[in-house]
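Asks: The structure is given below, and queries will be raised subsequently.
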Amino acid sequence: MFRRPINKVKPRVLIDCDPGIDDAIALVTAAKYTEILGITTVAGNVSLESTTRNTLALCELLGLDVPVHAGAAHSLRGQVVTAEEVHGDAGLGTLTLPTPKKNIASDDAATYIIESFTHHKNLHLVALGPLTNIAKAIEREPNIVNQITDLTIMGGSARGIGNVTAAAEFNIFADPEAASVVFSSGVRLKMIGLNLTHQVQMGLSESKRLTRHNSVISRTVAELLLSYQSLIYSGNLAKTVPMHDPCAILAVSHPEFFTLSDRNVNVETAGTYTRGLTLVDERRVPAEPNCRVGYEANSRQLIKLILNASMT
């Protein structure tokens with residue numbers, strides 16, 4: 001099992017998320033390898049009400065005493081795009097967690113994001129869902145981009161791989177206008193997209209290993225994995241599933257296991273067939289970079305890290 005170097009300092013993070021099965025596994029991973037300042041929620045994989053409830057319940061399961069601030073219930077245009085067919089009606093597949101005892105700290109995620117980066121230095125922002133909350137914060141206080149150590153998003157793709165459409169990844173497709181605000185803002189940005197996350201796959205063998213470990217967290221992650229496989233592949237547990245959101249967390253805590261390159265990235269907001277596409281400039285003489293784009297991942301090491309986090 002991977003053991004973290006004794007002298008490696010945990011990065012401080014603010015997490016914006018929409019749990020979501022892989023968001024839940026990402027929170028398990030973040031609880032192990034990062035110092036979480038707070039969490040904001042956004043509508044995405046399921047409704048805002050469900051993503052917020054799931055976040056509060058997961059924090060209690062993990063013993064995380066951090067504030068949770070609810071955010072946007074719909075995109076900047078007022079649309080709602082969800083993915084219950086992938087995550088289940090409540091967002092966590094077949095997993096049912098107790099009703100959380102703790103309430104949200106506020107229903108104004110954008111203000112919390114602004115205040116957090118105004119008052120805290122060396123703080124990373126990790127976005128695991130649609131970028132609506134972050135775009136609202138930037139539009140309200142543009143200078144905040146200079147206070148964010150870096151923004152790591154799970155979203156988009158470097159090679160035109162889509163999962164909602166042929167061109168678009170879900171988090172970007174759910175609010176392309178918000179993504180466009182973020183990508184053009186000047187924030188120090190890292191994109192962990194489908195081209196990378198599809199390299200990090202887990203499945204039945206990892207679920208069995210987690211079940212054998214027989215802790216509350218390991219059994220929880222095992223059930224989440226099995227639900228994910230079943231929902232995506234109609235009950236075929238022989239297939240593996242990509243660890244999208246955990247990769248974004250690990251790109252902050254363990255960047256040594258990722259290969260990223262400077263690129264210029266624009267978000268398509270108007271295309272009939274390409275709305276939500278992240279257009280990565282791969283020309284020999286590209287436009288000025290605005291993003292660090294993930295290309296390669298050490299999948300073996302990353303899977304070890306996720307398992308290690310799930311077995312503690």
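Here, each number is a calculation from the coordinates, and none is a lab measurement. Owing to the predicted nature of the structure, the values given are computational and were not obtained by experimental measurement. Neighbour counts run over all protein chains shown; Cβ positions are idealised from the backbone, glycine included.
Asks: Rule-of-thumb check for the range 69-131: C-alpha Rg over 2.2 N^0.38 Å? Each step should come with its number before you reach the end.
Replies: Working: Rg = 14.8 Å, N = 63, 2.2 N^0.38 = 10.6 Å.
Compared with the compact-globule rule of thumb, the range 69-131 sits at 1.40.
Asks: If you don't mind, there's one more thing I want to ask. Just grab the label-to-label distance for E139 and D89, each label 7 Å out from Cα along the Cβ direction, in nm (one decimal).
Replies: In this crude label model, E139 to D89 measures out at 3.3 nm.
Asks: Now, a different point. Dipole magnitude of the chain about its Cα centre, charges +1 at Lys/Arg Cβ and -1 at Asp/Glu Cβ only, in debye to the nearest 20?
Replies: Numbers: 28 positive and 30 negative charges, 239 e Å.
With Lys and Arg at +1 and Asp and Glu at -1, about 1140 debye.
Asks: Per residue, how big is the convex hull of the range 132-175 when only Cα atoms are used? Give it in Å³.
Replies: Working: hull volume 3.4 nm³, N = 44.
Value for the range 132-175: 78 Å³ per residue.
Asks: For the peptides 63-74, 211-222, what is the packing order when you average, over each peptide's residues, the other Cβ atoms within 10 Å and list the highest mean first?
Replies: Working: 63-74: 19.4, 211-222: 16.7.
So the order, starting with the most tightly packed, is 63-74, 211-222.
Asks: Determine, for each peptide in 278-285, 39-46, the mean count of other beta carbons within 10 angstrom over its residues, then list the peptides with the highest first.
Replies: Details: 278-285: 14.0, 39-46: 29.8.
For the peptides 278-285, 39-46, the packing ranking is 39-46, 278-285.
Asks: Give the separation of the Cα centroids, the range 233-278 to the range 55-128, in Å.
Replies: Spelled out, the Cα-based centre of one part sits 20 Å from the other.
Asks: Of all DSSP beta bridges in the chain, what percent run antiparallel (nearest 5)?
Replies: Here the antiparallel bridges make up roughly 30 percent for the chain.
Asks: Largest first and in whole Å, what are the equivalent-ellipsoid semi-axes of the range 217-312 based on the Cα gyration tensor, each being the root of 5 times an eigenvalue?
Replies: Values: eigenvalues 196, 81, 21 Å².
The three semi-axes for the range 217-312 are 31, 20, 10 Å.
Asks: Please state the charge dipole magnitude for the range 209-280, taken about the Cα centre, from unit charges on C-beta atoms (+1 on K and R, -1 on D and E), reported in debye and rounded to the nearest 20.
Replies: My answer is approximately 300 debye.
Asks: Go ahead and estimate [θ] at 222 nm for the chain from helices alone: -39,500 (n - 2.57) per DSSP H run with n ≥ 4, summed, over the residue count, rounded to 500.
Replies: Numbers: 12 runs with 118 residues, N = 312.
After summing the helix terms and dividing by residue count, I get -11000 deg cm²/dmol.
Asks: May I ask you to work out the translational diffusion coefficient for the range 1-108 at 37 °C, viscosity 0.692 mPa s, via Stokes-Einstein with Rh from the Kirkwood sum over Cα pairs, reported in whole µm²/s? Don't skip to the answer; put the middle values down first.
Replies: Working: Rh = 14.4 Å.
Once the numbers are plugged in, D ends up at 228 µm²/s.
Asks: What's the percent breakdown of Cα-Cα distances in the range 192-259 across 5 Å bins, shortest bin first?
Replies: 3, 18, 22, 22, 20, 12, 3, 0
Asks: Of (1) -0.60, -0.86, -1.02; (2) -0.66, -0.94, -1.09; (3) -0.80, -0.99, -1.07, which is the value of log10 I(q)/I(0) by the Debye sum over Cα atoms at q = 0.11, 0.13, 0.14 Å⁻¹ derived from the coordinates here?
Replies: (1)
Asks: Continuing with the same structure: Would you mind computing, in nm to one decimal, how far apart the modelled labels at A270 and K208 are, each placed 7 Å from Cα along Cα→Cβ?
Replies: 5.4
Asks: What's the Cα-based Rg to Rh of the range 99-236, Rh via Kirkwood?
Replies: On the way: Rg = 18.0 Å, Rh = 17.3 Å.
Taking Rg over the Kirkwood Rh, I get 1.04.
Asks: Mind checking Rg over Rh on the range 33-163, alpha carbons, Kirkwood formula for Rh? Don't jump to the answer; show the numbers that get you there.
Replies: Numbers: Rg = 15.0 Å, Rh = 15.7 Å.
Radius of gyration relative to Kirkwood radius: 0.96.
Asks: Sticking with this one: Given Cα pairs under 8 Å that are at least 6 residues apart, what percent is the relative contact order of the chain? Write out the running numbers ahead of the final one.
Replies: Details: 737 pairs, mean separation 64.0, N = 312.
Across the chain, relative contact order equals 21 percent.
Asks: For a footprinting-style exposure proxy, rank C291, C59 by other Cβ within 10 Å, fewest first.
Replies: Working: C291 26, C59 20.
Listing C291, C59 from fewest to most nearby Cβ atoms yields C59, C291.
Asks: Between R284 and R300, with labels modelled 7 Å along Cα→Cβ, what's the label distance in nm to one decimal, could you check?
Replies: It works out to 3.7 nm between the two label points.
Asks: Kindly count the pairs of lysines across the chain whose alpha carbons are less than 24 Å apart, treating pairs on different chains or eight or more residues apart as eligible.
Replies: Taking the Cα cut-off of 24 Å, the pair count is 21.
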